[in-house]
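Undergrad: Take this structure, written in structure tokens, and hold onto it; I'll ask about it next.
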Amino acid sequence: MRLGAANSRSWHRDASVARPVTSRLAGLVRRPVIVAPMAGGPSTPRLVVAAAEAGALGFLAAGYKPPAGVAEQIAAVRAGTDEAFGVNVFVPGIPTVEPDGVRRYLSDLEPDAARLGVGLGEARFDDDGYEDKLSALIADPAAVVSFTFGCPSAEVVRALQEAGSSVVVTVTCPEEAAVAVAAGAGGPCAQGVEAGAHRGSFTDDDTWRSDYRLVDLLETLEGVGDVAVFAAGAVMLPSQLAEVLDHGAVAAQCGTAFFRCPESGAHSLHKAALADGRYATTAVTRAFSGRPARALVNRFVVEHPGAPAAYPEVNNATRPLRAAAASRGDIETMSLWAGEGYAKATDRAAGEVVEWLCSGSGSGSGSGVASGRGPVS
Ligand SMILES: Cc1cc2nc3c(=O)[nH]c(=O)nc-3n(C[C@H](O)[C@H](O)[C@H](O)COP(=O)(O)O)c2cc1C
């Protein structure tokens, strides 16, 4: 379904986009690439500035960070560019209903902790400073505020919009998209099951189906309303970008494609693990955090298939373990988040990756698409 040139409504500037979108958010998408928020290190102000300077929309990741740290990063981006950028916030869930499962799981992890010479952390619930982060973002708005792990209330959406921000909500099924649109969000970010790191599902149970592949999910969103749909999940090639635009998205939100860039603050061993061929595949696992997330299948994933549904309790408990593994270079115990397309990630500068993704659907010479490779290093 391709439509032609723009009419009186505001169309995305890529002519292949099928959905007419009038939202303010669509106007912020200069090129159809979003550099995904990646909490835990990869998202740096430098990466966001590089994205912005290349015409993409970059995101800071507020997850796991204290509000002061987020404010510092926002200031650093503003010092580097006048272009629009976004900030991503985690929506808090509810305390686990499986406390016994958590206790059992943590005792399974004791040998790993002992081997690394650390104790496990407290399996406590927290809201990742949600209210404080919202207050700070309302007082000092970013162009876009996106959410994952749930949908903010309509009041929160309105307050952010009145402050001047567009609001995006990560969705993994049509039911979540309907909730996000009803709350007033200008953009659902459709996240297919191929995507790297945590599933953005609103609940961590079986309320709704959460295993849609990206294109199937986009197809369910065709009648969702006049909103700007972002498409997330293993978009690594120009042809894949063209495909999601063809399915009505205004842009692809790519994480793994930018993970190895020099501007990404990811751990060097994690960057290398995407490229060196030692891991044959990814899987969705709760082993590290208690919430489903896609990671390279290392020893820790294989040995701990039985983690309970308990986010952020398990995440807080495993934090010292993951930190010790990262500082000692114990790659088999690190959480090696990656989308299904990880083998195609390159170490080129973020601006070059944006350029390459936008370079066409594969007919251009030298794009690397025919071979399935990324831009040649
Ligand atoms: C290392 C990593 C960390 C991520 N952290 C966040 C995050 O903090 N917030 C969020 O909304 N999405 C996060 N995501 C998911 C992305 O927004 C996006 O859905 C995903 O990267 C798309 O799949 P891809 O990695 O195959 O491109 C993360 C992804 C990765 C790879």
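Since every read-out is calculated from the coordinates, none of them should be taken as a lab result. A quick note: this is a predicted structure, and the numbers were derived from the prediction, not measured. Here the Cβ positions follow ideal geometry from the backbone for every residue, glycine too, while neighbour counts run over all protein chains shown.
Undergrad: Quick one: dipole size for segment 21-143, taken about the Cα centre, charges +1 on Lys/Arg Cβ and -1 on Asp/Glu Cβ, in debye to the nearest 20.
TA: I would put it at about 500 debye.
Undergrad: How many nm separate the modelled label positions at GLU219 and TYR64, each set 7 Å beyond the Cα in the direction of the Cβ?
TA: 3.6
Undergrad: How high is the relative contact order of segment 233-336, in percent, counting Cα pairs under 8 Å that sit 6 or more residues apart? If you can, show how the numbers build up before the last one.
TA: Values: 117 pairs, mean separation 20.4, N = 104.
Computed over segment 233-336, the figure is 20 percent.
Undergrad: Follow-up question, since we're still on this one. For the pair ALA323/ASP82, report the inter-label distance in nm, with labels modelled 7 Å from Cα in the Cβ direction.
TA: Reported label-point gap for ALA323 and ASP82 is 4.1 nm.
Undergrad: Any idea how far apart ASP347 and ALA75 come out in nm if each label point goes 7 Å out from Cα toward Cβ?
TA: Using points 7 Å along Cα→Cβ, the separation is 3.3 nm.
Undergrad: Would you pull out the residues with amide H under 5 Å of GLY58's amide H, same chain only if 5 or more places away, H placed 1.01 Å from N?
TA: VAL35, ALA52, GLY86
Undergrad: Which value, in debye to the nearest 20, gives the size of the charge dipole of the chain about its Cα centre, when Lys and Arg are +1 and Asp and Glu are -1 at the Cβ?
TA: Using Cβ point charges on Lys, Arg, Asp and Glu, the chain gives about 840 debye.
Undergrad: Hey, another quick one. Determine ³J(HN,Hα), in whole Hz, for all residues of segment 168-173 in sequence, where each value follows from phi through the Karplus function 6.51 cos²θ - 1.76 cosθ + 1.60 and θ = phi - 60°; x replaces Gly and Pro.
TA: 10, 10, 5, 10, 10, 7
Undergrad: What ranking, highest mean first, results for peptides 34-40, 117-123 when packing means the other Cβ atoms within 10 Å averaged over each residue?
TA: Final packing ranking: 34-40, 117-123.
Undergrad: Using only Cα atoms, tell me the angle between helix 67-80 and the longest principal axis of the chain; keep it within 0 to 90° and round to the nearest 10.
TA: Roughly 40 degrees, rounded to the nearest 10.
Undergrad: Additional query: Under the Karplus relation 6.51 cos²θ - 1.76 cosθ + 1.60, θ = phi - 60°, what is the ordered set of whole-Hz ³J(HN,Hα) values for segment 104-113, x standing for Gly and Pro?
TA: 5, 5, 5, 5, 4, 7, 3, x, 5, 5
Undergrad: Using 0.36 nm times the number of residues separating ASP132 and ALA283, minus their current alpha carbon distance, what extension gain do you get?
TA: 51.0 nm
Undergrad: Right, here's the next one. Using a 10 Å cut-off on Cβ atoms, rank the peptides 153-166, 236-249 from the highest mean neighbour count down. Walk me through the intermediate numbers first.
TA: On the way: 153-166: 16.6, 236-249: 22.8.
The packing order, highest mean first, is 236-249, 153-166.
Undergrad: Report the full-extension gain for the segment SER153 to ALA272: residue separation times 0.36 nm, less the Cα-Cα distance, to one decimal in nm.
TA: The span from SER153 to ALA272 would gain 38.9 nm if fully extended.
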